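Before any comments, here is the structure.
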Amino acid sequence: MATLHLLSHSPFGDSRFASCLALLGRNDALLLTGDAVHALRAGSTPWESVQQLPEGIAVFALDEDLAARGIAPSGRVQPVNYPGFVELCCRYEKVNSWL
Amino acid sequence: MSDLIIDDRTIALDKDGYLADLSDWSTLVAEALAAREELSLSQEHWEILHLMRDFYTEFQLSPATRPLIKYVALKLGPEKGNSLHLNRLFKGTPAKLAAKLAGLPKPTNCL
Amino acid sequence: MAKSLLLVSRQAPWSGPGAREALDIALAGGAFDLPIGMLFLDDGVFQLAPTQYPEAIQQKDLTANLQALPLFGVDSLYVAQRSLDERGLADTTLDLPVQCLDDAALRDLIDRYDLVITL
């Protein structure tokens, strides 16, 4: 069962981001919103970890949260808007919100 | 709900008739609370009330119905740890009523 | 058949409501006989450390409440080995009968449940 993992906290605050990456299944996906998009800033430590994820794992980020923080999506990151967010939640069998 | 008066001592109850201060409990208080529910306490009631208090001491919470049944079965055997026996003793709502008479807080997982 | 639910509890016990909320969900679901599992991850493993005395900081004893999980029908209890290792709890006798799982086993575990709530 492929899971969509939702992260909205900064990757620098605690171990949430690292634990999520460590527990991703082969066909899982990440959707970053809020301060979690700081993980996509090129050159940052979490960005390095995202780069190293297996290819099967899709990485999405909410476009307005990227724009608000001045982060340009690059490489494997697929920006989505809110309708896209909803579509992703339906596409995956499970959603795990890391509250 | 009004308060309980025993030997000129006033014992505060909350709006559902549970003890406001759990340390007010005594066997006399239990009997007075039971009388308000039109129940007279037999030996069979007492063994459950004492188990309720053991449960609270051990887990710091009041049991919902299923865990209460399991706990009684564990301690007194299946002939007492079943819903029929406990419902008969406590007017069909053993978790709520036994908690009240044993001086425990209202069970929060009892919706 | 009710959907199975895995609760991932990853907050330390005395600093905020997260640990209590995860436990309350587990107890409420268990009381209604729902198939529930609970995984202690990250700082959540501090809930399982022995001989804690929360009365010293005027907190209710969550660790006593945790002991009631099996009676509430929640006996699928797991802990992340990596989280224990990181926090110096690897060789400690934990306060609850939990199964220690490495990352690969945790991935399989999460996969087996219909729903996951991470708090």
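The values are calculated or read from the model by the stated rules, or taken from the named source; none is laboratory data. Predicted model only: the values in this text are computed from it and were never measured. Here Cβ is always computed from backbone atoms with ideal geometry, including for glycine, and neighbour counts include all displayed protein chains. To get the accessible areas, we keep the full protein, side chains included, count just its heavy atoms, and leave off ligands, DNA and RNA. Shrake-Rupley method; radii C 1.70, N 1.55, O 1.52, S 1.80 Å.
List of remarks:
- Matching residues, region B:81-111, being open to solvent by less than 50 Å² (accessible area, probe 1.4 Å) and among the charged types (D, E, K, R): B:100
- Hits in region C:8-35 (condition: hydroxyl-bearing (Ser, Thr, Tyr) and crowded, with 16+ Cβ neighbours inside 10 Å): C:9
- Within region B:7-30, tally of residues that are in contact with a strand residue (DSSP E or B) (Cβ under 9 Å, 6 or more places away or on another chain) and in a helix (DSSP H, G or I): 3
- Selected residue (only one of B:44, B:38 is in contact (Cβ under 8 Å) with a residue 24 or more places away in the chain, surrounded by fewer than 16 Cβ atoms within 10 Å (Cβ to Cβ) and either more than 28 Å from residue C:29 (Cβ to Cβ) or of a type in the set (Val, Ile, Thr) (or both)): B:44
- Residues in region C:36-57 that are in a loop (DSSP other than H, G, I, E, B), away from chain B (no Cβ under 14 Å) and either touching a Phe, Trp or Tyr at 6+ places or on another chain (Cβ under 8 Å) or open to solvent by 20 Å² or more (accessible area, probe 1.4 Å) (or both): C:50, C:51.
- Flag for residue C:74 being under 24 Å from residue B:96 (Cβ atoms) and touching a strand residue (DSSP E or B) at 6+ places or on another chain (Cβ under 7 Å): yes
- Hits in region C:80-100 - residues which are more than 14 Å from chain B (Cβ to nearest Cβ) and either assigned to a loop (DSSP other than H, G, I, E, B) or of a type in the set (Ser, Thr, Tyr) (or both): C:83, C:87, C:88, C:89, C:90, C:91, C:92, C:93, C:94, C:97, C:98
- Screening residue B:57 with (1) over 12 Å from the mean Cα position of the chain (by Cα); (2) part of a loop (DSSP other than H, G, I, E, B) gives one miss only, at (2).
- The listed residue being at pLDDT 90 or above and within 14 Å of chain B (Cβ to nearest Cβ), out of C:77, C:62: C:62
- Filtered residue count, region C:101-115, keeping only those that are open to solvent by 70 Å² or more (accessible area, probe 1.4 Å), closer than 23 Å to residue C:89 by Cα and facing chain A (nearest Cβ under 8 Å): 1
- Members of region A:9-34 found to be assigned to a loop (DSSP other than H, G, I, E, B), surrounded by fewer than 20 Cβ atoms within 10 Å (Cβ to Cβ) and at the interface with chain C (Cβ under 7 Å from one of its Cβ atoms), listed by number: A:15, A:25
- Within region A:77-99, residues that are touching a residue at least 40 places away in the same chain (Cβ under 8 Å) and in a strand (DSSP E or B) sit with their Cβ atoms under 6 Å from residues that are among the aliphatic types (A, V, I, L, M) and open to solvent by 50 Å² or more (accessible area, probe 1.4 Å), at 6+ positions apart or across chains, in these pairs: A:94/A:1.
- Scanning region B:61-78 for residues that are surrounded by fewer than 17 Cβ atoms within 10 Å (Cβ to Cβ) and within 13 Å of the chain's Cα centre (by Cα) turns up nothing.
- Any hit, region C:72-93, residues being of a type in the set (A, V, I, L, M) and surrounded by fewer than 19 Cβ atoms within 10 Å (Cβ to Cβ): yes
- Scan of region C:65-74 for residues that are at the interface with another protein chain (Cβ under 9 Å from one of its Cβ atoms) and either outside any helix (DSSP H, G or I) or of a type in the set (Asp, Glu) (or both), ordered by number: C:67, C:68, C:73
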